[in-house]
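A short write-up of the structure that comes next.
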Amino acid sequence: MSNTKEIIARNVFFLSAIASAVMILAILVLMIALGIPLFKAGNFLAIWTGPWAPHKGLYGIWPMISGTLWIALLATALCMPLSLGASFVITSLGGPRLRRMLGTMVRFMTGIPTVIYGFVGIFLLVPLVREGIGGPGMCVLTAGMVLAILISPTMILFVTDSLLAVDLSYVQAAKALGANRVQRLLYVMVPRATGGMAAGIILALGRALGDTLIALMLAGNAIQAPRALLEPARTLTAHVALVKAADFDSLEFRSIFACGIVLYLFATTATVAVRVMLRKREVPT
Amino acid sequence: MQEVLEKLAVFLSWTMTLVLCLCLSIFLIYLLIKGLPSFGAELIFGKAEPLKVLLGQARVFDGIFPAMVGTFFLVLLSAVLALPVGVCSGIYLAEYASPVMKKLFGSLFDILAGIPSIVIGLFGFSLSIFLHNHFSDRFGPCLLISALSLAVLVIPYIVRSTQMSLEELPSDIRRTALALGATRLQNIAYVLIPNALSGISSGLFLAIGRCAEDTAVILLTGVVATAGVPSSLLSQYEALPFYIYYISSQYSNPAELSNGYGACLVLLGICSVLFMFAYGLKKHLSYRTLYRV
Amino acid sequence: MKKALFQIFVISSIFSLLVAPCFGEALQDFEGQEGTIKIAGGTAHISVMKEAAKQIMTRYKDIVVTVAGGGSGLGIKQVGEGLVDIGNSGRKPKPEEIEKYKLKMFKWAIDGVGVVVNPANKVQSLTKNQLKDIFSGKIDNWSVLGGVKHAITVYTRDEASGTRAVFWKKALDKENISTKALFVPSNGAMKTAIANDPYAIGYVSVGHMDETVAPVALDGVTPTLDNVKSGQYKIARGLYSNTKSDPSGLTLLFINYLFSSEGQKIALEKGFIPVK
């Protein structure tokens, strides 16, 4: 009797896992299936590399791919010094109380809703950039700055974790040899944690690539590949959010599935890269 | 030379930390200054009487009550949908899966956790159109579709937290009941799960917090500017994060804008409480679920 | 329990008796009805739709009216697909759209589309050619037009927008809009964006204009309600509410309400020209 129960339970658990896993593939398959009319309609290459001009029948998503890369890379670049600095203070430089406080602050930051960053960005940062630096205010720079703050907890938590996971015996050996805190951090911990740190940076980049609201609210959504930090841009994510307005059967609408596929690939690449890096330098949990 | 480099590294680290703290403080202070004045019953209930609204006798038009109720139902529904599947998958991964399966499922869930929420929103939207065209006219973007999509979004967190908190259990807890003759299932149900409860609930809180703050998914799956309190699973609804997004770009008067700041504070309060609660329950485990693949 | 219900009944009936004279005929037709009316599409309509929804929902607790934006293109498509009951559009649906979806159109107000700038901007009059050059990006600094020395920020709407369609056809004579233009999702968002950006230029439904933005005279004619009414200002359009085939039930009542004296009064209050 209890044997049947066992088998049933086992299967229920297994099926749940299968069901959730199938979702992941279903999402990709659905997007490819729905994007097919677009791929068939014209020059396949032009979808990825061409301009966006619906009234001329051009549905290239290159401006959006370029906008996404600009904003996400800028955000990651801005976030790196912030996060590495904060991680160094949290892991070695700060005193015990400060470390605890900073740790709590970073965890608190993970709970701040994206839309609120965007809201404050619109009313506080956009006018500052417009008057102080120039341009329309809603631009790659503004979105990149806010996004950098948004992704910083991801990077900090990850980098901190990998620094703290360095085998204590190395650190103590260095201490015995007379290395001070800074030296232990820079010459012992950091070199041994590079894999984990790189993984943290890529994970944060993945978040930046996938974020919708910040770019939608702060980057201006212009349909052009940006050429400067003060120019407006539209990300793939924002494009998906905006073009839902169009006709379901139209090629214009189908183009958002191309955006979805690109985003999916970006995200998956980032995830796989993180896993590979962590395997190289396994961080004990 | 080396000494200079070390000093520079220390100096830069402190400066950067300071910059980060400064950004966060400016952000929070600005929000408080702008939001606190609008804080009060009127922010939530507008000009309607709170008691009447709560009893369902009056409707709110210029307050955030419908959006709060919408978010509440959305979160509740997503949690109800995601929890059983997530916990069961987590149990499978921790207790039954072979190493190969573990690895395979592990990577799949990592990928799912990394997929941008707008893509999941797009999936939900396509699903609703599919249901509309092939099953019933009554389907369309709605509360149920949004909750389903959000459930997909947060399942990885629940799976991860369940799996990790089960795997974390020391082997003496794991073996005692088995040694006394309990079956594997009994052991899981009566010993392992109760012991892993704090980890699982911590994952649940994270998932709820994520559902409450997400805007991209609901943007595509049925949230609207005006809908009142949702009347059924198939109705469109209002939600707090969308309200904030909507106000940010199209407030029509200063009062609406200040309601927007108020709504920001409310949402920030809800989310930070949920997240801090999750971390309080199981500090290390929970943020690893969210920030580690 | 029974007593409490009775009390509520008494209080609410007294209340409704007191308030009843304020409501006219069309609203009373909703008496005893229940259900949901889903509205989406044109964003110029939203202010009127919201007010109408508020009037109906305040009085009748079993009726829910949901209002979403998305633009005229979306409104027409969604009502055609049966996703919503009423699809609004700020342009007349195209003949092929009418035929494909068997649309019934109800034009309940007239509106104009006017160019707006920030009130701080000194440039408040343009020729049509200047306007075209600004939107195509040929003129990119306000100093060229006698304003401050700062780059012009052009705001536009997406392809689904009826306001864009009308503006593009009647004001820009279908000439290009620069790819550098910033996008906003609705008339409300356009007004907010222009009000917050001192170097902005954009176009918005005349009904949405208020003191936070400054209308720009085009070839000497200012986009005001009066000029639209008199026909002097040419960039005008109707505001349509469309249904799939003949409306019935709640949807019909709602359309009727829009054409009733109260509905038309709401349209007037929100800055449009009622048709009746």
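Okay, here's what the table says:
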{"item": "Which listed residue is farther than 20 Å from A:L73 by Cβ and not aromatic (F, W, Y), from A:A267, A:A179", "result": "A:A179"}
{"item": "Filter pass, A:I61 being open to solvent by less than 50 Å² (accessible area, probe 1.4 Å) and either at pLDDT below 85 or touching a Pro at 6+ places or on another chain (Cβ under 8 Å) (or both)", "result": "no"}
{"item": "Residues of segment A:109-152 that turn out to be free of Cβ contacts under 8 Å to residues at least 24 places away in the same chain, in contact with a Ser or Thr (Cβ under 6 Å, 6 or more places away or on another chain) and open to solvent by 10 Å² or more (accessible area, probe 1.4 Å), as a count", "result": "0"}
{"item": "Search result, residues across segment B:163-192 that are free of Cβ contacts under 8 Å to residues at least 12 places away in the same chain and within 12 Å of chain A (Cβ to nearest Cβ)", "result": "B:G181, B:A182, B:T183, B:L185, B:Q186, B:A189"}
{"item": "Close pairs (6 angstrom Cβ cut-off, 6 or more residues apart or separate chains): more than 7 Å from every other protein chain (Cβ to nearest Cβ) in segment C:180-200, open to solvent by 20 Å² or more (accessible area, probe 1.4 Å) and assigned to a loop (DSSP other than H, G, I, E, B) anywhere", "result": "C:A195/C:T212; C:P198/C:A120; C:Y199/C:H150"}
{"item": "Pairs where the first residue, in segment A:18-31, is at pLDDT below 85 and the second is outside any helix (DSSP H, G or I), C-beta under 8 Å, 6+ apart", "result": "A:I24/B:I115"}
{"item": "Residues (in a loop (DSSP other than H, G, I, E, B) and farther than 22 Å from A:I223 by Cβ) located in segment C:115-147", "result": "C:N118, C:P119, C:A120, C:N121, C:K122, C:V123, C:Q124, C:T127, C:G146, C:G147"}
{"item": "Residue ID - farthest from the other protein chains (Cβ to nearest Cβ), chosen from residues in segment A:118-154 that are more than 17 Å from A:A238 (Cα to Cα) and small (G, A, S)", "result": "A:G132"}
{"item": "Output for segment C:263-276, where each listed residue is assigned to a helix (DSSP H, G or I) and touching a helix residue (DSSP H, G or I) at 6+ places or on another chain (Cβ under 6 Å)", "result": "C:G263, C:I266, C:A267"}
{"item": "Tally of residues being buried (at least 24 other Cβ atoms within 10 Å of the Cβ), within 10 Å of another protein chain (Cβ to nearest Cβ), part of a helix (DSSP H, G or I) and touching a residue at least 60 places away in the same chain (Cβ under 8 Å) across segment C:42-73", "result": "3"}
{"item": "Verdict on C:S230 being over 14 Å from the mean Cα position of the chain (by Cα) and assigned by TED's automatic domain parsing to the domain that holds C:K77", "result": "no"}
{"item": "Test: residue in segment A:190-206 that is touching a Pro at 6+ places or on another chain (Cβ under 6 Å), within 13 Å of chain B (Cβ to nearest Cβ) and not β-branched (V, I, T)", "result": "no"}
{"item": "Scope segment C:159-199; condition of a type in the set (D, E) and open to solvent by 30 Å² or more (accessible area, probe 1.4 Å); matching residues", "result": "C:E159, C:D173, C:E175"}
{"item": "Selection from segment B:19-57 of residues that are touching a helix residue (DSSP H, G or I) at 6+ places or on another chain (Cβ under 9 Å) and under 30 Å from A:V159 (Cα atoms)", "result": "B:V19, B:L20, B:C21, B:C23, B:L24, B:I26, B:F27, B:L28, B:Y30, B:L31"}
{"item": "Test: residue in segment C:182-196 that is over 29 Å from C:K104 (Cβ atoms) and part of a strand (DSSP E or B)", "result": "yes"}
{"item": "Of all residues making up segment A:210-249, the number that are open to solvent by 20 Å² or more (accessible area, probe 1.4 Å) and in a helix (DSSP H, G or I)", "result": "1"}
{"item": "Filter pass, A:L30 being facing another protein chain (nearest Cβ under 8 Å), open to solvent by 40 Å² or more (accessible area, probe 1.4 Å), under 18 Å from A:L263 (Cα atoms) and assigned to a helix (DSSP H, G or I)", "result": "yes"}
{"item": "Residues of segment C:218-251 satisfying the condition of being open to solvent by less than 70 Å² (accessible area, probe 1.4 Å) and assigned to a helix (DSSP H, G or I)", "result": "C:L225, C:N227, C:V228, C:G249, C:L250, C:T251"}
{"item": "Segment A:73-97 residues that are within 12 Å of chain B (Cβ to nearest Cβ), paired with ones that are of a type in the set (K, R) and surrounded by fewer than 20 Cβ atoms within 10 Å (Cβ to Cβ) (beta carbon under 6 Å, 6 or more apart)", "result": "A:I90/A:R99; A:S92/A:R181"}
{"item": "Matching residues in segment B:113-155 - criterion: being open to solvent by less than 20 Å² (accessible area, probe 1.4 Å) and facing chain A (nearest Cβ under 8 Å)", "result": "B:I115, B:P116, B:S117, B:I118, B:V119, B:I120, B:G121, B:L122, B:F125, B:S126, B:V152, B:I155"}
{"item": "Residues of segment B:1-41 satisfying the condition of being in contact with a Cys (Cβ under 7 Å, 6 or more places away or on another chain) and either surrounded by fewer than 15 Cβ atoms within 10 Å (Cβ to Cβ) or at the interface with chain A (Cβ under 7 Å from one of its Cβ atoms) (or both)", "result": "B:L31"}
{"item": "Residue count for segment C:201-215, restricted to those that are more than 10 Å from every other protein chain (Cβ to nearest Cβ), buried (at least 20 other Cβ atoms within 10 Å of the Cβ) and outside any strand (DSSP E or B)", "result": "4"}
{"item": "Total residues in segment C:92-116, condition closer than 21 Å to C:H208 by Cβ and buried (at least 21 other Cβ atoms within 10 Å of the Cβ)", "result": "8"}
{"item": "Breaking point among (1) open to solvent by less than 20 Å² (accessible area, probe 1.4 Å); (2) without any contact (Cβ under 8 Å) to a residue 40 or more places away in the chain; (3) over 30 Å from B:P156 (Cβ atoms), for A:H55", "result": "(1)"}
{"item": "Matching option when the condition is open to solvent by 10 Å² or more (accessible area, probe 1.4 Å), within 13 Å of chain C (Cβ to nearest Cβ) and touching a residue at least 24 places away in the same chain (Cβ under 8 Å), among B:L274, B:L234, B:L257", "result": "B:L234"}
{"item": "Answer residue from segment B:90-104, given it is more than 7 Å from chain A (Cβ to nearest Cβ) and free of Cβ contacts under 8 Å to residues at least 24 places away in the same chain and is least open to solvent (accessible area, probe 1.4 Å) among those", "result": "B:A97"}
{"item": "Verdict on A:I47 being at pLDDT below 85, surrounded by 16 or more Cβ atoms within 10 Å (Cβ to Cβ) and among the β-branched types (V, I, T)", "result": "yes"}
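Conditions (1) modelled with pLDDT of 90 or more; (2) away from chain A (no Cβ under 11 Å), marked per residue:
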residue	(1), (2)
B:G46	no, yes
B:E49	no, yes
B:R59	no, yes
B:A67	yes, yes
B:G70	yes, yes
B:C88	yes, no
B:G106	no, no
B:D110	no, no
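The values are calculated or read from the model by the stated rules, or taken from the named source; none is laboratory data. Since the structure is predicted, the reported quantities are computational estimates derived from the model, not experimental observations. Ideal geometry is used to build each Cβ from the backbone, glycine not excepted, and the neighbour counts take in all protein chains shown. Each accessible area value is taken on the protein alone, full model and side chains, heavy atoms only, with ligands, DNA and RNA left out. Shrake-Rupley method; radii C 1.70, N 1.55, O 1.52, S 1.80 Å.
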